[in-house]
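Notes follow the structure.
The values are calculated or read from the model by the stated rules, or taken from the named source; none is laboratory data. All of these numbers come straight from a predicted model, not from anything done at the bench. Positions of Cβ are generated from backbone atoms using ideal geometry, with glycine treated the same way; all protein chains shown enter the neighbour counts.
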Protein chains: 2
Amino acid sequence: MQLPTFEDVLAAAERIRPHIHRTPVMTSSAIDEMAGASLFFKCENLQKVGAFKIRGATNAVFALDDESAARGVVTHSSGNHAAALALAARKRGIPARVVMPRTAPSVKVKAVEGYGAEITFCEPVSEAREAACAEIAERTGSVVIPPFDHPHVIAGQGTAALELHDEYPDLDCVITPCGGGGLLSGTALAYETLAPATKVMGAEPLAANTATRSLTNGAPVAAGNPTTVCDGLRTSLGQLTYRIVERAVSDVFAIDEGDVICSMRLVWERMKLIIEASCAVALAAVLKNPDRFADRRVGIVLTGGNVDLDRLPWVV
Amino acid sequence: MQLPTFEDVLAAAERIRPHIHRTPVMTSSAIDEMAGASLFFKCENLQKVGAFKIRGATNAVFALDDESAARGVVTHSSGNHAAALALAARKRGIPARVVMPRTAPSVKVKAVEGYGAEITFCEPVSEAREAACAEIAERTGSVVIPPFDHPHVIAGQGTAALELHDEYPDLDCVITPCGGGGLLSGTALAYETLAPATKVMGAEPLAANTATRSLTNGAPVAAGNPTTVCDGLRTSLGQLTYRIVERAVSDVFAIDEGDVICSMRLVWERMKLIIEASCAVALAAVLKNPDRFADRRVGIVLTGGNVDLDRLPWVV
């Protein structure tokens, strides 16, 4: 597949505007003081479905021609992309089918059901998920919309960066979490053209440092089955996202689990915002590398706020 | 003391503007659907010190003449008012003295210390707190700034309503939590003149239904020592706040503890905002009285976000 371009990000912004929130950018003088830097938090935790994923899913769904769209869309995911695709499909009035592992938390199953998607359960291994997804696509003609390695998904995720740049055009750098790399590569695409002097950086859990290892390796490494509190960042880069990250991202930081949890709690306490652990890697990267960020103006994307409130990582 | 007026609220807004945040008003389509109404949440949990209390404290501190101010301010409180007064005094460059019960949670003591106030500990009974506060005022000449029953404090709290009205001028009603009644009476003062057709309502825990009982009684009843998850709403109305509430508030709802906790959790889950239990009474009042609020446009003040994250009310 062809790599998406800056023009694709602009087109995505136009296409999804009626369907998503323009999220606020927030600041915290207390956290700035701790960081010795000026931080600008793009609050995608306040986005529809509680995560930036609605941007890419909406762009992919609304970019389909009418004939393809009528056959519906399908994906396999147990996370925010599943809910996002379900809502985007409902907005377009087309069927959404989602393959979820039999072990998915009931709260996530309910969210996807709530948006009207048809759920197929499978064994919780990636071969079973992919096979079930392919079978449904074959049988129904539904278009497969993968969670990150897809030009329209990447371009859609890049639209958060357009809004951030519009509000704060003079950032020294922007950091996003990195799992499959959809958000990171979309952000890099946006800044490459808009503000080439602004460095785009990624952050990932040390326990799932697949982007770091992929860049060393010269090609995406397999994710394996890492254990990390960042449940949104257990995947590795894809073929498309790897190429954009390799080209346009200046640094990837790998963060210790304890530092992730401390940064997550800091945002809850000081900013009164609920963010997922997966968001907190980006702030942790700034706090753990003061020499790199001293006196800089740093954009941070808070990617999502879907947390199981009965199982907080700091409550034993 | 004289009752504050609408003009005092306007003057307060002018006076405190450089020192506080103009907080956002947020909405949630999911909660609107549950309520069968349109809700507009004024997010004072995102205010400085994490609560609306900074408005009244700042107004009281900056309204002092230079000579009085130089002697400093003093209060007794273990809650958000203590932190607010400490920060307001630091902004004006004058001493703040706070009497806190020996049993106050260390996180609250640290917050007040962090803003540079001088803390005096006393026995955790109100007579001891008042005596210690009076002794300090006598000895140092500091001006006593009580948490709610004071014209400048009431007028300051009313400024949140000015901002809400500015953004959404066509609300059918506005509900705030009610403890001592500073916010409720300030809000009522603002709407009485700005939009007399907008009903102003209060909500309090059933376990500490002192406003309801005071209104029945025809004068403020004593608070006693109620047990409720709403730690900010354990007080009763004061002499000034009672008179304004009696004159200008249309209804006060008393809410069950379980309903408070459900509404608190609902805001965390659906809006990704951290709010105190004390905030949640207002939303609970709407959700538990659907006949009263159907199809209405309802303003709700989310009063604060200072929560002990190690002790959430739904975690056993």
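Scan the stretch B:244-260 for residues that are farther than 30 Å from A:LEU312 by Cβ and either within 14 Å of chain A (Cβ to nearest Cβ) or assigned to a strand (DSSP E or B) (or both) and the total you get is 4. Pairs are defined by a Cβ separation below 8 Å, a sequence spacing of at least 6 or placement on different chains, a first member in the stretch B:157-175 that is hydroxyl-bearing (Ser, Thr, Tyr), and a second member that is in a helix (DSSP H, G or I) and buried (at least 19 other Cβ atoms within 10 Å of the Cβ); the pairs so defined are B:THR159/B:VAL9; B:THR159/B:ALA12; B:THR159/B:ALA13; B:THR159/B:ILE16; B:THR159/B:ARG55; B:THR159/B:ASN59; B:THR159/B:GLY186; B:THR159/B:ALA190. Of all residues in the stretch B:209-228, those that are closer than 18 Å to B:SER77 by Cα and either modelled with pLDDT of 95 or more or buried (at least 19 other Cβ atoms within 10 Å of the Cβ) (or both) total 1.
Residues are listed down the side, and each one gets a yes or a no for (1) within 14 Å of another protein chain (Cβ to nearest Cβ); (2) among the polar types (S, T, N, Q); (3) outside any loop (DSSP other than H, G, I, E, B):
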site	(1), (2), (3)
B:LEU189	no, no, yes
B:ALA211	no, no, yes
B:SER214	no, yes, yes
B:SER236	no, yes, no
B:CYS262	yes, no, yes
B:VAL267	yes, no, yes
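Pick from B:ASP310, B:ASP291: which is free of Cβ contacts under 8 Å to residues at least 24 places away in the same chain and in a helix (DSSP H, G or I)? None of the other options fit; the residue is B:ASP291. For the stretch B:188-197, the tally of residues that are out of contact with any Gly (no Cβ under 6 Å at 6 or more places or on another chain) and buried (at least 24 other Cβ atoms within 10 Å of the Cβ) stands at 2. Of the helices (runs of 4 or more DSSP H) that lie entirely inside the stretch B:64-142, those containing 1 or more residues that are free of Cβ contacts under 8 Å to residues at least 60 places away in the same chain, farther than 24 Å from B:HIS152 by Cα and in contact with a strand residue (DSSP E or B) (Cβ under 7 Å, 6 or more places away or on another chain) span B:106-114, B:126-140. Candidates are the residues of the stretch A:216-234 that are in a helix (DSSP H, G or I) and in contact with an Asp or Glu (Cβ under 9 Å, 6 or more places away or on another chain); the one that is farthest from A:PRO151 (Cα to Cα) is A:ASP231. Using the structure shown, decide if A:VAL315 is over 29 Å from A:GLU127 (Cα atoms), within 14 Å of another protein chain (Cβ to nearest Cβ) and hydrophobic (A, V, I, L, M, F, W, C). Considered against the rule, which asks whether it is over 29 Å from A:GLU127 (Cα atoms), within 14 Å of another protein chain (Cβ to nearest Cβ) and hydrophobic (A, V, I, L, M, F, W, C), A:VAL315 comes out as yes.
Can you find a residue in the stretch B:177-186 that is at pLDDT 95 or above, more than 19 Å from B:SER278 (Cα to Cα) and out of contact with any strand residue (DSSP E or B) (no Cβ under 7 Å at 6 or more places or on another chain)? No, there is no match, as no residue in the stretch B:177-186 is at pLDDT 95 or above, more than 19 Å from B:SER278 (Cα to Cα) and out of contact with any strand residue (DSSP E or B) (no Cβ under 7 Å at 6 or more places or on another chain).
Looking across the stretch B:40-63 at every residue that is part of a helix (DSSP H, G or I) and small (Gly, Ala, Ser), the one that is farthest from B:ALA161 (Cα to Cα) is identified as B:ALA63.
Screening A:THR176 against (1) in the same structural domain as A:VAL245 (by TED's automatic domain parsing); (2) among the β-branched types (Val, Ile, Thr); (3) farther than 28 Å from A:ARG22 by Cβ leaves a single unmet condition, (3).
Among the residues of the stretch A:278-288, just one is without any contact (Cβ under 8 Å) to a residue 60 or more places away in the chain and either buried (at least 24 other Cβ atoms within 10 Å of the Cβ) or not in a helix (DSSP H, G or I) (or both), namely A:ALA280. With respect to the stated conditions, A:THR75 is hydroxyl-bearing (Ser, Thr, Tyr), more than 12 Å from chain B (Cβ to nearest Cβ) and surrounded by 21 or more Cβ atoms within 10 Å (Cβ to Cβ).
Would you check if there is a residue in the stretch B:17-28 being surrounded by fewer than 15 Cβ atoms within 10 Å (Cβ to Cβ), in a loop (DSSP other than H, G, I, E, B) and without any contact (Cβ under 8 Å) to a residue 24 or more places away in the chain? Scanning the stretch B:17-28 turns up at least one residue that is surrounded by fewer than 15 Cβ atoms within 10 Å (Cβ to Cβ), in a loop (DSSP other than H, G, I, E, B) and without any contact (Cβ under 8 Å) to a residue 24 or more places away in the chain.
Selection of the stretch B:75-111 for residues being hydroxyl-bearing (Ser, Thr, Tyr) and either at pLDDT 95 or above or in contact with a His (Cβ under 7 Å, 6 or more places away or on another chain) (or both) yields only B:THR75. When restricted to residues that are touching a residue at least 60 places away in the same chain (Cβ under 8 Å) and of a type in the set (Ser, Thr, Tyr), the stretch A:187-197 contains 2.
Yes or no, residue by residue, for (1) under 19 Å from B:ALA282 (Cβ atoms); (2) β-branched (Val, Ile, Thr); (3) in contact with a helix residue (DSSP H, G or I) (Cβ under 7 Å, 6 or more places away or on another chain); (4) assigned by TED's automatic domain parsing to the domain that holds B:LEU184:
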position: B:LEU10; (1), (2), (3), (4): no, no, no, yes
position: B:ALA13; (1), (2), (3), (4): no, no, yes, yes
position: B:HIS19; (1), (2), (3), (4): no, no, yes, yes
position: B:ARG22; (1), (2), (3), (4): no, no, yes, yes
position: B:THR27; (1), (2), (3), (4): yes, yes, no, yes
position: B:ASP32; (1), (2), (3), (4): yes, no, no, yes
position: B:ALA35; (1), (2), (3), (4): yes, no, yes, yes
position: B:GLU44; (1), (2), (3), (4): yes, no, yes, yes
position: B:GLN47; (1), (2), (3), (4): yes, no, yes, yes
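Selection of the stretch A:151-170 for residues being touching a Gly at 6+ places or on another chain (Cβ under 9 Å) and surrounded by fewer than 21 Cβ atoms within 10 Å (Cβ to Cβ) yields A:HIS165, A:TYR168. Could you tell me whether the stretch B:296-305 includes any residue that is over 13 Å from B:CYS230 (Cβ atoms), within 14 Å of chain A (Cβ to nearest Cβ), assigned to a strand (DSSP E or B) and touching a residue at least 40 places away in the same chain (Cβ under 8 Å)? Yes, the conditions are met somewhere in the stretch B:296-305. Candidates are the residues of the stretch B:31-46 that are facing chain A (nearest Cβ under 9 Å) and more than 16 Å from B:LEU171 (Cβ to Cβ); the one that is surrounded by the fewest Cβ atoms within 10 Å (Cβ to Cβ) is B:LEU46.
Of the residues making up the stretch B:121-138, those that are modelled with pLDDT of 90 or more and either more than 26 Å from B:VAL307 (Cβ to Cβ) or assigned by TED's automatic domain parsing to the domain that holds B:GLY232 (or both) number 8.
Taking the criterion of being touching a strand residue (DSSP E or B) at 6+ places or on another chain (Cβ under 6 Å) and either of a type in the set (Asp, Glu) or within 14 Å of chain A (Cβ to nearest Cβ) (or both), the only residue of the stretch B:279-292 that qualifies is B:CYS279.
Restricting attention to the stretch B:165-185, the residues being farther than 28 Å from B:ALA207 by Cβ and outside any loop (DSSP other than H, G, I, E, B) number 3.
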